[in-house]
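Engineer: One structure is given below, represented as structure tokens, and several questions about it will come after.
The values are calculated or read from the model by the stated rules, or taken from the named source; none is laboratory data. Keep in mind that this is a model prediction, so the values were computed, not measured. As a convention, Cβ positions derive from the backbone with ideal geometry for all residues, glycine included, and neighbour counts pool all protein chains shown.
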Amino acid sequence: MNKVVETILAHRSVRKFENRPLTKEQIETIVRCAQAGSTSSYVQAFSIIGVTDYKKKKQLAEIAGNQMYVADCGHLFVFCADLHRHEVIGEMEKSDVIPSIESTEKFMVSVIDATIAAQNAALAAESMGLGICYIGGIRNDLNAVNEILDIPSRVIPLFGMVVGYPVKINQQKPRLPLEHVYSENGYQQNESEYINQLEDYNKTVQEYYIKRTNGKRNDTWTSQVAKTFEKQSRMYMQDYVKNQGLNKR
């Protein structure tokens, strides 16, 4: 097994960091690695905002559910789906690009481009001995994030990523079994087999929590996911995205 594969398979989220900022060289290397990711039709429809101002980091930490490691980390990156520059390109080239920019397809392209870039950044950081954690909690109030980070139209902050020197690394959470995620030549349609796989996975997750918490927690994965989906969180998102001038047609 090579070093890249080892790094990928060793991933776990880190939520406690040393009081030690990343160097300019580390930050630039991580961003360059993000840029090296695949991009649909070479459109490069993403931007990355590095947040170094502690007041802004603290505001974002509060929005994310008072997750203070958002403020107390080596560096905070915010990954954005970005079609603003493509609107500018339309003006430069005197081309009618707005119908495409406002389409669901180009919205998906921008989200996919940003996500690919972020995963490249995560892998780069972890290969440097750093820890990372994705911060979806900034989507709790994207209108506030817009104000804090001066976000223009056609841009959506998708998630943050905290990066730094780990103080504590938790045990790795077990993932779904490969055969549940991967199928060949079509989607798996055998529902009884599908449910059996989920029930087996529930036992694995339950054992993980019992061991990690000395019996204080024993919930299953499906119960967690059901509760998550019952919450109907961030239901403002459709209106927000359209107000940003994306996914309108």
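Engineer: Of all residues in region 12-30, how many are under 17 Å from G160 (Cα atoms) and in contact with a helix residue (DSSP H, G or I) (Cβ under 7 Å, 6 or more places away or on another chain)?
Structural biologist: Matching residues across region 12-30 total 4.
Engineer: Out of the residues in region 77-112 that are free of Cβ contacts under 8 Å to residues at least 60 places away in the same chain and not in a helix (DSSP H, G or I), which is nearest to I156 (Cα to Cα)? Can you show your working first?
Structural biologist: At the first step, the residues of region 77-112 found to be free of Cβ contacts under 8 Å to residues at least 60 places away in the same chain are 85, 88-98, 100, 105, 108, 111.
From the residues that got through so far, the ones that are not in a helix (DSSP H, G or I) too are 94-97.
Values: K94: 25, S95: 23, D96: 22, V97: 18 Å.
The qualifying residue nearest to I156 (Cα to Cα) is V97.
Engineer: Does T213 satisfy the criteria of being under 30 Å from N146 (Cβ atoms) and either loosely packed, with under 12 Cβ neighbours inside 10 Å or in contact with a Leu (Cβ under 8 Å, 6 or more places away or on another chain) (or both)? Let's see the steps before the verdict.
Structural biologist: On the way: under 30 Å from N146 (Cβ atoms): no; either loosely packed, with under 12 Cβ neighbours inside 10 Å or in contact with a Leu (Cβ under 8 Å, 6 or more places away or on another chain) (or both): yes.
Answer is no for this residue.
Engineer: Sort through Y194, Y182, Y187 and tell me the only one that's closer than 30 Å to L246 by Cβ and either modelled with pLDDT under 95 or not assigned by TED's automatic domain parsing to the domain that holds K58 (or both). Please lay out each step first, then the result.
Structural biologist: Working: Y194 fails: closer than 30 Å to L246 by Cβ; Y182 fails: closer than 30 Å to L246 by Cβ.
Being closer than 30 Å to L246 by Cβ and either modelled with pLDDT under 95 or not assigned by TED's automatic domain parsing to the domain that holds K58 (or both) holds for just one of Y194, Y182, Y187, which is Y187.
Engineer: Filter region 190-249 for residues that are of a type in the set (A, V, I, L, M, F, W, C), within 30 Å of S153 (Cα to Cα) and in contact with a helix residue (DSSP H, G or I) (Cβ under 9 Å, 6 or more places away or on another chain) and give the result. It would help to see each step written out before you state the result.
Structural biologist: Within region 190-249, the subset of a type in the set (A, V, I, L, M, F, W, C) is 195, 198, 205, 210, 221, 225-226, 229, 235, 237, 241, 246.
Going one step further and asking which of them are within 30 Å of S153 (Cα to Cα), we end up with 229, 235, 237, 241, 246.
Matches in region 190-249: M237, V241, L246.
Engineer: Still on this model: Among what's in region 33-72 and is among the hydroxyl-bearing types (S, T, Y) and either surrounded by 14 or more Cβ atoms within 10 Å (Cβ to Cβ) or modelled with pLDDT under 95 (or both), pick the residue that is nearest to the chain's Cα centre (by Cα).
Structural biologist: First pass over region 33-72, keeping only residues among the hydroxyl-bearing types (S, T, Y): 38-42, 47, 52, 54, 69.
Checking which are either surrounded by 14 or more Cβ atoms within 10 Å (Cβ to Cβ) or modelled with pLDDT under 95 (or both) leaves us with 39-40, 47, 69.
Values: T39: 17, S40: 18, S47: 14, Y69: 16 Å.
The selected residue is S47.
Engineer: Let me ask something else about it. Give region 133-174 a look and list any residue that's in a helix (DSSP H, G or I), of a type in the set (A, V, I, L, M, F, W, C) and within 25 Å of T39 (Cα to Cα), or say none. If you could, list the steps in order and put the result at the bottom.
Structural biologist: Taking region 133-174 and keeping what is in a helix (DSSP H, G or I), we get 136-149.
Going one step further and asking which of them are of a type in the set (A, V, I, L, M, F, W, C), we end up with 138, 142, 144-145, 148-149.
Correct list: I138, L142, L149.
Engineer: Answer yes or no as to whether R154 is on the phi > 0 side of the Ramachandran plot and in contact (Cβ under 8 Å) with a residue 60 or more places away in the chain.
Structural biologist: Numbers: on the phi > 0 side of the Ramachandran plot: yes; in contact (Cβ under 8 Å) with a residue 60 or more places away in the chain: yes.
Criteria met by R154.
Engineer: Name the pairs: first residue in region 126-147 and modelled with pLDDT of 95 or more, second residue of a type in the set (D, E), Cβ to Cβ under 7 Å, at least 6 apart or on different chains?
Structural biologist: Pairs that qualify, where the first residue is modelled with pLDDT of 95 or more and the partner is of a type in the set (D, E), are I132/E126.
Engineer: Might you check whether a residue that is in a helix (DSSP H, G or I) and of a type outside the set (A, V, I, L, M) occurs anywhere in region 175-182? I'd like the intermediate steps shown before the answer.
Structural biologist: To start, the set of residues in region 175-182 that are in a helix (DSSP H, G or I) comprises 178-181.
Now restrict to residues that are of a type outside the set (A, V, I, L, M): 179-180.
There is at least one residue in region 175-182 that is in a helix (DSSP H, G or I) and of a type outside the set (A, V, I, L, M).
Engineer: Is there a residue being closer than 22 Å to V225 by Cα and assigned to a strand (DSSP E or B) anywhere in region 125-132? Give the steps one after another, and end with the answer.
Structural biologist: In the first step, residues of region 125-132 are kept if they are closer than 22 Å to V225 by Cα; the result is none.
Within region 125-132, not a single residue is closer than 22 Å to V225 by Cα and assigned to a strand (DSSP E or B).
Engineer: Identify all residues within region 1-35 that are in a helix (DSSP H, G or I), more than 16 Å from G50 (Cα to Cα) and of a type outside the set (A, V, I, L, M); write none if there are none.
Structural biologist: The first filter runs over region 1-35 and keeps only residues in a helix (DSSP H, G or I), leaving 3-9, 24-35.
When the remaining residues are screened for being more than 16 Å from G50 (Cα to Cα), the result is 3-9.
Result: K3, E6, T7.
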